[in-house]
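Data block below; observations after.
The values are calculated or read from the model by the stated rules, or taken from the named source; none is laboratory data. Worth saying up front: this structure is predicted, and the values here are computed from it rather than measured. Using ideal geometry, Cβ is built from the backbone for each residue, glycine included, and neighbour counts are taken over all protein chains shown.
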Amino acid sequence: MNAEIIAVGSEMLTPARVDTNSLFLTGELNDLGIEVTAKHVIGDDRERLAETVRRALRAVPVVILSGGLGPTEDDVTRDAVAMALDRRQIFSPEINAGIEQRFRQMNRAMPEINRRQAMLIEGAAILLNDRGSAPGQWIEEDGAVVMLLPGPPHELKAMFTRQCLPRLERIAPPLHIRTLQLRISGMTESELDQTIAPIYKKYENPATTVLAHHGDIQVHLRARCPSEGEAMALLAEVGGKIEAALGDRIISRNGDPLEAVIGKKLASLHATLAVAESATGGGLAERISSVPGSSAYFLGGFVTYTKRMKTDLLGVPEELLDRFGAVSRETAEAMANGARRRTGATYALAVTGNAGPTTDGSEAPVGTVYAALSGPWETIVIHRQWPAGDRARVRSLGAQMALDLLYRKLNQ
């Protein structure tokens with residue numbers, strides 16, 4: 001059984017909003033064995049939304065809409081679905097009474113405009129909303145199901161979990177979708193695919209997807225089988241072959257990012273970490289500290305963007321900076337040693353580079369990054385020359401290469 005999800009609202013088409021509801025719904029549907037084959041984001045346009053619903057119903061038996069159930073003129077979901085199904089809307093005294101009661105609990109009178117939320121599409125079942133004023137609706141149409149759910153995530157999640165899941169469980173065929181997510185470090189996307197394509201191309205099930213972003217590469221295996229045991233066995237078969245081919249390039253088998261894997265290792269060793277950053281501007285510390293519980297091993301760091309700050313905070317000698325430059329192997333090494341010396345950390349990572357987009361001629365070329373790791377026995381420095389032209393990408397790759405350097409050392 002397949003499904004499509006439609007997020008409604010012109011605000012969802014702006015850079016300020018992200019559709020997180022569809023991610024939640026996809027996970028819940030997958031657990032039932034329902035595959036999400038398409039997602040749409042539609043603005044506050046009745047005709048366009050109605051046509052999207054019609055197309056979805058021609059393609060799949062489950063259509064879920066989120067948002068657009070408020071009381072204002074730009075809340076068009078009820079109208080659009082009624083148009084798509086060619087059904088009337090009927091005023092529901094039951095819904096209206098519930099909305100009035102909610103306003104009374106807030107010691108407020110219900111505005112007349114909220115009566116719009118009491119309009120029920122003919123034949124729909126009411127999905128009560130105990131967390132907001134917008135009720136949902138469950139509609140069955142020629143063997144298909146259309147769900148209208150509120151946009152606020154805390155309302156949608158409660159309504160879907162309590163009222164939609166039990167209904168779906170009764171109609172969903174026995175199918176189990178299970179996934180395996182491998183995270184890989186230390187190789188490019190093309191190198192990865194060249195290694196594992198001969199394996200996964202032999203299988204239509206599980207489906208394999210390779211995702212890459214700024215040095216972080218993921219391999220997703222997705223198995224669909226009549227039973228959970230068959231799905232897990234298939235993942236073990238194909239995943240085992242891929243793992244054998246990649247070896248220690250795999251950093252996690254449960255989707256954990258590199259910083260989380262490193263954190264667990266540092267905690268198990270009772271080791272601590274500090275950072276010193278220039279080109280990454282705090283991005284390395286942000287990734288490390290984003291892991292819950294990171295205060296157990298992460299002491300903190302220094303963002304030393306100028307030569308003077310490198311000297312004042314990390315003790316990098318002025319003559320070293322004058323001789324080799326701020327972006328150099330020698331400076332990266334001195335930054336890492338200085339961060340470790342100033343904090344007393346077991347390990348210290350440092351990153352310096354030129355992210356661009358321009359250079360004054362005396363600096364290292366744009367895209368140059370050095371990462372250094374200072375530890376109890378030695379200081380290691382690595383160098384990469386990334387393609388120029390994307391400042392954010394160079395900065396992100398700099399943080400990734402530093403973390404990968406630490407990961408490799410911890411797992412020697």
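Scanning segment 218-265 for residues that are under 19 Å from the mean Cα position of the chain (by Cα), buried (at least 18 other Cβ atoms within 10 Å of the Cβ) and closer than 29 Å to residue 299 by Cβ yields 251, 257, 258, 259, 260, 261. Here the condition is being assigned by TED's automatic domain parsing to the domain that holds residue 138, surrounded by fewer than 19 Cβ atoms within 10 Å (Cβ to Cβ) and at pLDDT 90 or above; of 74, 86, it holds for 86 alone.
Test residue 300 against the criterion of being touching a strand residue (DSSP E or B) at 6+ places or on another chain (Cβ under 8 Å) and surrounded by fewer than 21 Cβ atoms within 10 Å (Cβ to Cβ), and give yes or no. Spelling it out, residue 300 is indeed touching a strand residue (DSSP E or B) at 6+ places or on another chain (Cβ under 8 Å) and surrounded by fewer than 21 Cβ atoms within 10 Å (Cβ to Cβ).
Go through segment 325-336 and give me each residue that's in contact with a helix residue (DSSP H, G or I) (Cβ under 8 Å, 6 or more places away or on another chain) and at pLDDT 95 or above. Please lay out each step first, then the result.
Applying the first criterion (in contact with a helix residue (DSSP H, G or I) (Cβ under 8 Å, 6 or more places away or on another chain)) to segment 325-336 yields 325-326, 330-331, 334-335.
If the condition is that a residue be in contact with a helix residue (DSSP H, G or I) (Cβ under 8 Å, 6 or more places away or on another chain) and at pLDDT 95 or above, then 330, 331, 334, 335 are the ones that fit.
For the residues 132, 151, 143, 136, the requirement of being surrounded by fewer than 17 Cβ atoms within 10 Å (Cβ to Cβ) and in the same structural domain as residue 54 (by TED's automatic domain parsing) singles out 143. Residues of segment 2-23 being out of contact with any Gly (no Cβ under 6 Å at 6 or more places or on another chain), surrounded by fewer than 16 Cβ atoms within 10 Å (Cβ to Cβ) and either in a strand (DSSP E or B) or in contact (Cβ under 8 Å) with a residue 24 or more places away in the chain (or both), which ones? Across segment 2-23, the qualifying residues are 2, 20. The set of residues from segment 103-144 being of a type in the set (S, T, N, Q) and outside any strand (DSSP E or B) comprises 105, 107, 114, 117, 129, 133.
Quick one: would you say residue 61 is surrounded by fewer than 21 Cβ atoms within 10 Å (Cβ to Cβ) and in contact with a Lys or Arg (Cβ under 6 Å, 6 or more places away or on another chain)? Criteria not met by residue 61. On the stretch given as segment 1-58, residues that are within 17 Å of residue 149 (Cβ to Cβ), in contact with a helix residue (DSSP H, G or I) (Cβ under 7 Å, 6 or more places away or on another chain) and not aliphatic (A, V, I, L, M) total 10.
Within segment 341-363, does at least one residue satisfy the condition of being acidic (Asp, Glu), in the same structural domain as residue 390 (by TED's automatic domain parsing) and either outside any loop (DSSP other than H, G, I, E, B) or at positive phi (or both)? Let's see the steps before the verdict.
Step one: filter segment 341-363 for residues acidic (Asp, Glu), giving 360, 363.
Those left that are additionally in the same structural domain as residue 390 (by TED's automatic domain parsing): 360, 363.
Now drop any that are not either outside any loop (DSSP other than H, G, I, E, B) or at positive phi (or both), which leaves none.
The answer is no; no qualifying residue exists.
Restrict the check to segment 358-371 and report whether at least one residue is surrounded by fewer than 16 Cβ atoms within 10 Å (Cβ to Cβ), closer than 19 Å to residue 275 by Cα and more than 26 Å from the chain's Cα centre (by Cα). Taking every residue of segment 358-371 in turn, none turns out to be surrounded by fewer than 16 Cβ atoms within 10 Å (Cβ to Cβ), closer than 19 Å to residue 275 by Cα and more than 26 Å from the chain's Cα centre (by Cα).
Going through 121, 113 one at a time, which residue ends up being at pLDDT below 85 and over 27 Å from the mean Cα position of the chain (by Cα)? Walk me through it before giving the result.
Details: 121 fails: at pLDDT below 85.
From the options 121, 113, the qualifying one is 113.
Find the residue count for segment 358-407, including only residues that are of a type in the set (S, T, N, Q) and in contact (Cβ under 8 Å) with a residue 24 or more places away in the chain. Full working, then the answer.
In the first step, residues of segment 358-407 are kept if they are of a type in the set (S, T, N, Q); the result is 358-359, 362, 368, 374, 379, 385, 396, 400.
Adding the requirement that they be in contact (Cβ under 8 Å) with a residue 24 or more places away in the chain leaves 362, 368, 374, 379, 396, 400.
Summing the residues that are of a type in the set (S, T, N, Q) and in contact (Cβ under 8 Å) with a residue 24 or more places away in the chain in segment 358-407 gives 6.
Could you say whether any residue in segment 302-312 is modelled with pLDDT of 95 or more, in a helix (DSSP H, G or I) and closer than 14 Å to residue 403 by Cβ? No, the conditions are met nowhere in segment 302-312.
Contact map, segment 34-56: first residue farther than 30 Å from residue 227 by Cβ, second residue hydroxyl-bearing (Ser, Thr, Tyr), Cβ cut-off under 6 Å, separation 6 or more or different chains; pairs are 40/52; 42/52; 43/10; 44/10.
Do you know which residues across segment 313-338 are of a type in the set (Gly, Ala, Ser), assigned to a loop (DSSP other than H, G, I, E, B) and in contact with a Phe, Trp or Tyr (Cβ under 8 Å, 6 or more places away or on another chain)? Residue satisfying the conditions is 328 alone.
The residues listed here are 350, 399; of these, the one that is within 14 Å of residue 330 (Cα to Cα), buried (at least 24 other Cβ atoms within 10 Å of the Cβ), among the small types (Gly, Ala, Ser) and at pLDDT 90 or above is 350.
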